[in-house]
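Input: a single structure, listed below in structure tokens.
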Amino acid sequence: MESQETGRAAQLPRPSRIAIAVAALALGLSHAHAQQAPQAASDARPATAANDDTGAALPMISVEGERDALAQSLNPPTTVGSKLPLTAREIPQSVSVISQEQIKEQHFDTLKDAMQYAPGVTTLQSDSDRVQYYARGFPIESYLIDGTPTYVNSSISVTAATFSPSLAMYDRVEVLTGPSGLMNGFGAPGGAVNLVRKHALDAFSASAELTGGTRGNAGATLDVGGPLNKAGTLRGRAVASYYGADGVQDSTNTRNKVLYGTIDADLTSSTLLRLGASYTEYTSNEPWIWGIYSDGTYGNLPRSHYYGVGWNRDTFRTTDVFAELHQKLGNGWTAKAVLDYTYDRSTTLQGSAFNPIDASTYIGDYSSTNNVASESKTSIDVSASGPFTLLGRTHKATIGANYASMVEHQSQYYADASDPFNVVGVDVRNIIYPEPAWPYSPDTTSRNSTYAKQYGIYGQARLSLTDPLTLVLGGRLGWYRSRFSPDPVYNIWSMTGNSLGTSGKFTGYAGLIYDLNKNWSVYGSYTSIFQPQDNLMTTSGQLIRPITGDQYEAGIKGEFMGGRYNTALAVYQINQRNRAMLDPDDPTFSHYIAVGRARTRGFELSGSGELVPGWRVYGSYTYNNSQLADANSYDTISSPFSSISPHQLFKLWTTYRLPEPLHGLTLGAGVTAVSSTEASRNGVTAYQGSYAVFDASVSYAFNKKTSLSLNARNLFDRDYFAAAYARGQPRTVLLTLRAAY
């Protein structure tokens, strides 16, 4: 951890950082122009190429307007901004895709790994288990699976605060930054994440992956699928995965297990039924609390020092079942109905350093707690999309309805009736404390339940006003209800029940896209915001009212070489009201206040894809300025608001496949650079200077089916605290063998 003076001195001047970021992306753009130039002389697109399993180019003929297989792989169409599969250029908002290619290249095991390279996204490891994602200064709390929204409780509960699932069962990650509530339910202003599942294949396929590395990293994944009958009308796919690793602190570790299966059945030539289920289990013995010292530093104890006790253990289990029915309706229209049910269970048994630690004596407070929670969620979405004709032109429309419900039960057991947290002064250099008996009594137990549901109808029209001009209009009419119910007996905090809801709330959306030519489009969009804040209570027992606001965004997008390389520049402003933050005057750290109005302004620059055969670049630069707009807002809260969203983010990953005779060898390198941040918690303000983390990879394809790769994360072992909060992972080296049949 750097001192404040050293960290600030290490920062590059702002113009220099911007120049470096813009230059890096402009380089990719210039190469894209160079590759695109021969096409300008002809209306037809040139011949393009797909990749075989070794990454070598294979000849392929492309017809004007079509995207070849490589473009589909690198920059696939997304549904995160619409129910229709659209390219990034067709969506008047900022979208990005972490493709399967990138997941393998950078060895992304979890959603957290992938989001660390997603443009404009800040990953906040709020403690050892809980991960949250922020974009444009606001949390991302809209999550979709295969385009269907799933209910995420905004409180610190089973799913919302621990959302970093294994990517073993997912093909790609789609990210929309900015408000996302049009078809996703009541959307958060930060954005939305759509996880696209792996589905059954038409031909038999089998692959295996073995990984070993430093810091206890070890894992294996098996993925098998194909036709289940001779006619090929019944297809299946199964995935099994295990991954384990050591934590940052001594004697800590995590374990992640995944089982997933799905079946596709062609009931008729126009009807597809898809069924599936998954089970995931994540365990950890890391302490939730990271040691912070009274002088605002993280002390001079080794990075690996353990701030917990030996009996820490957390377990998170998720069971999910789903069914989808896809129906072709004729005249280009299709319909889709989805039912998804998820059941989450968690147990968190924790003993660790709690309040600020004395920097000279190492004496601090100790906290022990035992939480048990369960959460059941049901999501239903029915939609239909297709073309229609109006005033002699063809347009597209989507209509639908969705429903989501959540029931959460939480039980918190404390060790002592006189002081529920059982806080005592301890020397954090060696915390030895026996596990409490956890008496089950009204004086030591808190139990409560939250019941929430929302439903609505939505629609979107893509109106072709002229050949180059498209108007996108949409809206959602929604209903929402949330009820908080504490147990009448086991209620040590004396909380009171409450409910909150709204009826017929309309959220609107409008966008305009103008194609300047075959490669460039400009756009502008407006999105309204309405987001309930379930289970967030004031000290008086009142639920925090929903977040409201809007976003204005404008930009330019480019698409080159048939979609192999995409670029985008967006400017935006988000206005928000009623955002909840922890009440700084609440000693229990369990109640919230609404901080009033907040505003974010900034811009994003990004580029992704293959510039020339064999050279791929994924880069982004984000400048973001988030501020509380109310003069009477708490000064102590404005710091976390800005620190979670640093002013500047630069992310770059690039790979190069060497030519003959080393065509099987691919080299990769990447960097994530973050400007300085500071955060206040527990009465102490911590500062983190600007820093950069470098990654690298080397891979070799022996043939079309077998490859070996070496990945290094945090190559130079940079010690830092993300968002001035949680310690980053030390250098880790991974060796992975992949084989396919």
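Observations on the model:
- Within the range 297-315, residues that are part of a strand (DSSP E or B) have Cβ atoms under 6 Å from residues that are modelled with pLDDT of 85 or more in these pairs: R313/N285; R313/L349; D314/S284; D314/T348; T315/T283; T315/T347, counting only partners at least 6 apart in sequence or on another chain.
Conditions (1) aliphatic (A, V, I, L, M); (2) in contact with a Phe, Trp or Tyr (Cβ under 7 Å, 6 or more places away or on another chain); (3) touching a residue at least 60 places away in the same chain (Cβ under 8 Å), marked per residue:
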| residue | (1), (2), (3) |
| --- | --- |
| V671 | yes, yes, no |
| V684 | yes, no, yes |
| V698 | yes, no, no |
| R718 | no, yes, no |
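- Residue in the range 102-118 that is in a strand (DSSP E or B) and touching a helix residue (DSSP H, G or I) at 6+ places or on another chain (Cβ under 7 Å) present: no
- Filtered residue count, the range 229-257, keeping only those that are over 24 Å from R197 (Cα atoms), among the polar types (S, T, N, Q) and not in a strand (DSSP E or B): 3
- Apart from one condition, F716 fits all of (1) under 30 Å from N355 (Cα atoms); (2) surrounded by fewer than 16 Cβ atoms within 10 Å (Cβ to Cβ); the exception is (1).
- Residue satisfying condition, being modelled with pLDDT of 85 or more and surrounded by fewer than 24 Cβ atoms within 10 Å (Cβ to Cβ), within set T162, T233, T122: T233
- Residue check: Q627 meets all listed conditions (1) part of a strand (DSSP E or B); (2) surrounded by fewer than 23 Cβ atoms within 10 Å (Cβ to Cβ); (3) more than 22 Å from the chain's Cα centre (by Cα); (4) modelled with pLDDT of 85 or more but one, namely (4).
- Hits in the range 593-622 - residues which are surrounded by fewer than 23 Cβ atoms within 10 Å (Cβ to Cβ), in contact (Cβ under 8 Å) with a residue 40 or more places away in the chain and out of contact with any helix residue (DSSP H, G or I) (no Cβ under 7 Å at 6 or more places or on another chain): I593, A594, G602, P613, G614, W615
- Residue in the range 186-199 that is at pLDDT 95 or above, assigned to a loop (DSSP other than H, G, I, E, B) and surrounded by 16 or more Cβ atoms within 10 Å (Cβ to Cβ) present: yes
- L267 being touching an Asp or Glu at 6+ places or on another chain (Cβ under 8 Å), part of a strand (DSSP E or B) and hydrophobic (A, V, I, L, M, F, W, C): no
- Test: residue in the range 124-133 that is outside any strand (DSSP E or B) and more than 27 Å from Y306 (Cα to Cα): no
- Of R215, R274, all but one fail to be among the basic types (K, R), outside any strand (DSSP E or B) and either touching a residue at least 40 places away in the same chain (Cβ under 8 Å) or more than 30 Å from R731 (Cα to Cα) (or both); the exception is R215.
- Looking only at the range 64-85, and only at residues there that are closer than 21 Å to I103 by Cα and of a type in the set (A, V, I, L, M, F, W, C), the one that is modelled with the highest pLDDT: L74
- Total residues in the range 544-580, condition out of contact with any His (no Cβ under 8 Å at 6 or more places or on another chain), hydrophobic (A, V, I, L, M, F, W, C) and buried (at least 22 other Cβ atoms within 10 Å of the Cβ): 6
- Condition broken by E286, with the remaining ones in (1) charged (D, E, K, R); (2) out of contact with any Pro (no Cβ under 8 Å at 6 or more places or on another chain); (3) more than 30 Å from P356 (Cα to Cα); (4) buried (at least 17 other Cβ atoms within 10 Å of the Cβ) satisfied: (3)
- Residue satisfying condition, being outside any strand (DSSP E or B), under 23 Å from the mean Cα position of the chain (by Cα) and touching a residue at least 12 places away in the same chain (Cβ under 8 Å), within set E286, E375, E281: E286
- G226, sole failed condition from (1) assigned to a loop (DSSP other than H, G, I, E, B); (2) within 21 Å of T706 (Cα to Cα); (3) more than 28 Å from the chain's Cα centre (by Cα): (1)
- With respect to the conditions (1) of a type outside the set (S, T, N, Q); (2) farther than 21 Å from E610 by Cα; (3) touching a Gly at 6+ places or on another chain (Cβ under 7 Å), D717 lacks only one, and its number is (3).
- Top-ranked residue in the range 592-618 [being among the basic types (K, R) and at pLDDT 90 or above; ranked as farthest from the chain's Cα centre (by Cα)]: R616
- Hits in the range 431-481 (condition: aliphatic (A, V, I, L, M) and part of a strand (DSSP E or B)): A452, I457, A461, L463, L469, L471, V472, L473, L477
The values are calculated or read from the model by the stated rules, or taken from the named source; none is laboratory data. What you are looking at is a predicted structure, and each value in this text was computed from that prediction instead of being measured. Using ideal geometry, Cβ is built from the backbone for each residue, glycine included, and neighbour counts are taken over all protein chains shown.
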